[in-house]
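Only one structure is covered here, and it is reproduced in the block below.
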Ligand code: ADP
Ligand code: MG
């Protein structure tokens, strides 16, 4: 491995610039860090270069722990966006700079400089001053300068930022070629999606200091695991479908096989459909696609290679907007090739059949946030609590509310129900919702403080573990918190039972399966004590309990006892093992259309 990052964190003035970033980058790989501005890309790059210290974690370059090694001794070359070259020095002197500093003899410097000018396709320009070169040429010189001392890692921070489109494209190709020729491991930082796609072997997508997902460009585009990556990389319709016994229902079609083991019936499925995966027909059905429903053309936009079509669609229990879960009508974006548009022209206002060629189900168990309270004021209070506000903003969902009245039956199957935890009542209110069929419930005791820590306890079964990790992954990606997983010391020691071994593997499987990192802490004695000791202090804690069944949940709450009732953590999320889980997002090219579905057409 060329570069290994282990739980690297860095704070500025108490705010996390990077949080628990772990990644492995192979020898000779071209790795791109992609993310919006302020997401921590440059901080991470500077940390790797040794230009900034880190608070926690380890940085290993070629097997050597360099966490506390100076920049000079790390054998990295770095290219920045603007801080390009020493203006008053010739190109030759710029390139030789690092060699001179390392005491390399003049003859050797000259040889190396000529070689590098050749490599970056600027032979014979050594005597020029930077001002006498174009921007693209200056960046080539900057690359040559970064490579002069033969580093083993090349780091590039938005090196194309200041250049115009045409030159940028040339330089991208040139840099990729140089990197291949030299065989050096490279990390490029950019906020430009196209740049990332065209250059990367693999992309790591950053948001809010976290590495959200890492994979090959095609995989990230077609099978993202998170809403953020799905919508950051290109256009996406994010919809709510429904898990049913036989598969995932989206609009009028049932998609099989179910991507997630044994999903609970009625659980919400968060579904991503790319505009190009929708198909439109003027008749009753769309040939070659599964039926989604009908819609009305609201807008058409011809952009040369394709036509964008905006459609309004009526929501149903198996087809709703993930952004506005309770909207009666919502918009879908479709695109067609220019050729298709020419063969079957559409008009604004026209009604069409909508078919779908491919759907992708995200592994998150949290599709929508549903406040349940006795009055609309209470609902608003819940929705205004920092944890809900932050989740809603980061997930791009509007929280929805329902006034519930005593014991009247309510449909709590879909989404994440949110209730108030009253002092003295402990987790009784969330428990009640589990009893009537919810697979997960978020209780909020303190609706003023933002959450800054996630404390996780999981009953030792696989189903509880998977459900808890799925929920934890979603929370961690959207809240600025660290996560600690509590493991009883006796479980750590008794390696006999396989479920205990599973528990020990929790951190590993969280990282592998869900791409998020959690810390583990073991405790002796009572669980209630362990939680209380950690959950009550300066920091507002969200307690995440993964339970196997309602019966085991009742047992656990009894064990946690009155202590938790009198002094509850700021929030508690209980997830039950039978809920939807699955590490990988599942992509379902259209499969079978069951007989029942045709009744809807
Ligand atoms: P990116 O490169 O993705 O745009 P940065 O790594 O530059 O993001 O910044 C990440 C966060 O850290 C931002 O909130 C930024 O304001 C903060 N930050 C970066 N450098 C410093 C610094 N030297 N002092 C204080 N805050 C900083
Ligand atoms: Mg930056």
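Each reported figure results from applying straightforward, stated rules to the coordinates on display, with no laboratory input. Just so it is clear, the structure is predicted and the values come from calculations on it, not from any experiment. No Cβ is skipped: glycine too gets one built from the backbone with ideal geometry, and neighbour counts run over all protein chains shown.
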Inset, instruction - As a check on your grasp of the helix formula, calculate [θ] at 222 nm for the chain: sum -39500 (n - 2.57) over DSSP H runs of n ≥ 4, divide by the residue count, round to the nearest 500. - result: -8500 deg cm²/dmol
Legend entry - Net lengthening on full extension, residue 62/residue 489 (0.36 nm per residue, minus Cα-Cα): 150.2 nm
Inset, instruction - Measure off 7 Å from each Cα along the Cα-to-Cβ vector at residue 563 and residue 296, then give the distance between these two points in nanometres to one decimal. - result: 6.0
Legend entry - Distance in nm between pseudo-label sites at residue 533 and residue 69 (7 Å out along the Cβ direction from Cα): 3.8
Legend entry - Whole-number D in µm²/s for segment 229-375 (Stokes-Einstein; Kirkwood sum over Cα pairs; 4 °C, 1.567 mPa s): 82
Inset, instruction - Please report the relative contact order for segment 336-412, taking Cα pairs under 8 Å with a sequence separation of at least 6, and give it as a percent rounded to a whole number. - result: 31
Legend entry - Antiparallel DSSP beta bridges within segment 143-255, as percent of all bridges there, nearest 5: 70
Inset, instruction - Return one number: the angle in degrees, 0 to 90 and rounded to the nearest 10, between the long axis of the Cα atoms of helix 106-119 and the longest principal axis of the Cα atoms of the chain. - result: 50
Legend entry - Calculated FRET value between residue 314 and residue 376, using beta carbons and R₀ = 30 Å, to 0.05: 0.75
Legend entry - Pair residue 101, residue 164: separation of 7 Å Cα→Cβ label points (nm): 3.4
Inset, instruction - Provide Rg and Dmax in Å for segment 347-489, with only Cα atoms included in the calculation. - result: 17.4, 67
Inset, instruction - Please state, to two decimals, what the Cα-based radius of gyration of segment 263-346 comes to when divided by 2.2 N^0.38 Å (N = residues). - result: 1.18
Legend entry - Value in Å of the Kirkwood radius, where segment 1-146 supplies the Cα pairs that are averaged: 17.0
Legend entry - Per-residue Cβ neighbour rank within 10 angstrom, fewest leading, 312, 463: 312, 463
Legend entry - Relative contact order [Cα under 8 Å, 6+ residues apart], the chain, whole percent: 13
Inset, instruction - If a/c stays under 1.5 just call it rounded; otherwise compare a/b with b/c (prolate if a/b is bigger, oblate if not). Do that for segment 431-474, with a ≥ b ≥ c from the square roots of the Cα gyration tensor eigenvalues. - result: oblate
Inset, instruction - Answer rounded, prolate or oblate for the chain, using the Cα gyration tensor with square roots of eigenvalues a ≥ b ≥ c: rounded when a/c is under 1.5, else prolate when a/b is larger than b/c, else oblate. - result: oblate
Legend entry - Rounded to 10°, Cα long-axis angle of helix 135-147 versus longest principal axis of the chain: 90
Legend entry - Estimated FRET transfer efficiency when R0 is 51 angstrom, pair residue 114-residue 303 (beta carbons, to 0.05): 0.60
Inset, instruction - Set the Förster radius R0 to 35 Å, insert the Cβ-Cβ distance between residue 276 and residue 326 as r into 1/(1 + (r/R0)^6), and round the FRET efficiency to 0.05. - result: 0.80
Legend entry - Share, in percent, of DSSP beta bridges within the chain that are antiparallel, nearest 5: 60
Inset, instruction - For helix 165-182, report the angle its Cα long axis makes with the longest principal axis of the Cα atoms of the chain; keep it between 0 and 90° and round to the nearest 10°. - result: 80
